[in-house]
Amino acid sequence: MIEITHLKKSFGKQEVLKDVSFKIQKGQVVTILGPSGSGKTTFLRCINFLERAEEGELRIGDTRINLRKASRKEILNVRRRTAFVFQNYGLFYHKTALQNVMEGLVVVQKIPKDEARKRAEAALEWVGLSNRKDFYPSQLSGGQQQRVGIARAVALNPEVILFDEPTSALDPEWVGETLDVIKKVAKKGITMIIVTHEMSFAEEVSDKVVFMDGGSVVEEGTPKEIFTNPKEERTKKFLARIIPQDMYYI
Amino acid sequence: MSFSSENFFDSLQGAIAYLPVTFKLTIYTFVISLFIGGTIAIIRNYKVPMISQFLAWFVTIYNGLPLMVALVIYNLLFMTNYDNVARFFHISKTISEINPVIVGYFSLILSSSCSYSETIRGALQSIEQVQYEAGYAIGLSKLQTLYRIILPQLVPVAIPGLINNLVGTIKGTNLVSAIGILEIMGGALTPCALSYSYLEGYLAAALVYWLFSFVLETLAKQIEVRSTKFRRQIV
């Protein structure tokens, strides 16, 4: 289980997150929705210390960590138990798809190279890219790069995978294949927190939907509650503007 | 002005005889400056408090100092203060027993380190932020991310600038002749002192410098080709 309590973060005078609390059970898929600038990406990045929060506490399993004062060791510990999928893929340019997946297994988890290679190959096959394993990121399409990114995250066998708008940098034709892979990850029972703008995907895949605006959680509930019967005025307004346009794609 | 091929070949022999001096000056300076310059660039890139501000200031000031001026200043300081320093450290060698090339090394390394650091810093800035983040996110430490992810990507970006720096260093070694060190130029001009005809000597020195730079540049380009295999060729 992962729980974040009273998370606060600001950039200069701009308050980005105002006291956000959040809970996710093991095996759950939670999607975070909200307009740009609502702080959802910053929230995600605070969890694995890509941004340093000003206040807040993180509970992951039995460990409690102060998000502001965490030591280098604690940060490394959290990062080794989580995985992150970036909006712009974040693949290592100088490594092939296979080496990208192997890097964390060999260097961080100290798995012998042969074993790591087998696992990495399996992960790439699982996302349907075994024929591209020796390609460099520059030789792959956006969708393929993002699938390698997902394979890299899954292969690490983390307690939670954080997805930061995994499809918003992709061409419409590659969004589908990437979402399919994320659905596959969800079916595996891995805990996931997904920041996304893909409404129908969010509705289909998540156990819980969180709607954020202006740095705080406005409303949370099951996909059904949020999408068909939102309580807050702000959520209604947001969904009314987004959904018809989204229907267009389906 | 006449040109005697006999004198030219004498000068060429003289120049080649002193090629090892220039070679050693170049290679040692290059390797040590690469290390120091790289360290300066990394410290400034990670914005280490105090040290990075000091280095930024130092590099800016020092880059404005011509190598020749630095060289004669250090040489003067060396000449006038050697006795005191030697007495302090109980060194029994007299100044005439010390090879003045150490002053040459000192000034070459200091100025090269500053210019290399700027080349490397420029290359570091070209690497996207997400590469650091991706390294941290899979659980690599700061140091592991630096040498497993950032530095390998830095090499192909930095090499063209560093080749340029290397050629600059080769040319810089020529200036140490000002403090009485014999290198390619001195070797080429030694026979000229007898014939009173300097054209051959200058041309011989130019030829050897040019060949030397050409060989080193070609070698460095090989490294460049090897390190860029992951970048897509668009041009």
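Are any residues in region B:225-235 surrounded by fewer than 17 Cβ atoms within 10 Å (Cβ to Cβ) and either under 24 Å from the mean Cα position of the chain (by Cα) or away from every other protein chain (no Cβ under 14 Å) (or both), and if so, which ones? Even if it seems obvious, please write down each step before you answer.
If we filter region B:225-235 for residues that are surrounded by fewer than 17 Cβ atoms within 10 Å (Cβ to Cβ), which is where we start, we get B:225-226, B:228-229, B:231-235.
Hits for region B:225-235 are B:V225, B:R226, B:T228.
Picking from B:Y209, B:Y202, which residue would you name as being open to solvent by less than 80 Å² (accessible area, probe 1.4 Å), more than 14 Å from every other protein chain (Cβ to nearest Cβ) and touching a residue at least 12 places away in the same chain (Cβ under 8 Å)?
Details: B:Y202 fails: open to solvent by less than 80 Å² (accessible area, probe 1.4 Å).
None of the other options fit; the residue is B:Y209.
Okay, residues lined up against (1) aliphatic (A, V, I, L, M); (2) open to solvent by 90 Å² or more (accessible area, probe 1.4 Å); (3) free of Cβ contacts under 8 Å to residues at least 40 places away in the same chain:
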site: B:Q53; (1), (2), (3): no, yes, yes
site: B:T60; (1), (2), (3): no, yes, yes
site: B:L67; (1), (2), (3): yes, no, no
site: B:R87; (1), (2), (3): no, yes, yes
site: B:P100; (1), (2), (3): no, no, no
site: B:L108; (1), (2), (3): yes, no, no
site: B:S113; (1), (2), (3): no, no, no
site: B:E118; (1), (2), (3): no, no, no
Take region B:184-235 and flag every residue that is farther than 20 Å from B:V21 by Cβ, at pLDDT 90 or above and polar (S, T, N, Q).
-> B:T218
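Pick from B:V167, B:V130: which is surrounded by fewer than 20 Cβ atoms within 10 Å (Cβ to Cβ), farther than 22 Å from B:I61 by Cα, at the interface with chain A (Cβ under 7 Å from one of its Cβ atoms) and among the β-branched types (V, I, T)? Can you show your working first?
Values: B:V167 fails: at the interface with chain A (Cβ under 7 Å from one of its Cβ atoms).
Every option except B:V130 fails the conditions.
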Among the residues of region A:86-108, how many are more than 18 Å from A:Q139 (Cα to Cα) and more than 8 Å from chain B (Cβ to nearest Cβ)?
-> 4
Per-region count, region A:33-42, residues surrounded by 22 or more Cβ atoms within 10 Å (Cβ to Cβ) and either modelled with pLDDT of 95 or more or in a loop (DSSP other than H, G, I, E, B) (or both) = 3
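Find the strands (runs of 3 or more DSSP E) located wholly in region A:45-85 whose residues include 3 or more that are surrounded by 14 or more Cβ atoms within 10 Å (Cβ to Cβ), among the aliphatic types (A, V, I, L, M) and within 13 Å of chain B (Cβ to nearest Cβ), and list them.
Because the criterion is at least 3 residues that are surrounded by 14 or more Cβ atoms within 10 Å (Cβ to Cβ), among the aliphatic types (A, V, I, L, M) and within 13 Å of chain B (Cβ to nearest Cβ), no strands (runs of 3 or more DSSP E) in region A:45-85 meet it.
Among the listed residues B:A178, B:A123, B:A137, B:A193, which satisfies the condition of being over 30 Å from A:A155 (Cβ atoms) and within 14 Å of chain A (Cβ to nearest Cβ)? So that I can check it myself, show each step before the final result.
Values: B:A178 fails: within 14 Å of chain A (Cβ to nearest Cβ); B:A137 fails: over 30 Å from A:A155 (Cβ atoms); B:A193 fails: within 14 Å of chain A (Cβ to nearest Cβ).
Criteria check complete, one pass: B:A123.
The values are calculated or read from the model by the stated rules, or taken from the named source; none is laboratory data. These numbers come from a predicted model, not from an experiment. All Cβ positions, glycine included, derive from the backbone under ideal geometry; neighbour counts span all protein chains shown. SASA here: full protein model, heavy atoms, side chains in, ligands and nucleic acids out. Shrake-Rupley method; radii C 1.70, N 1.55, O 1.52, S 1.80 Å.
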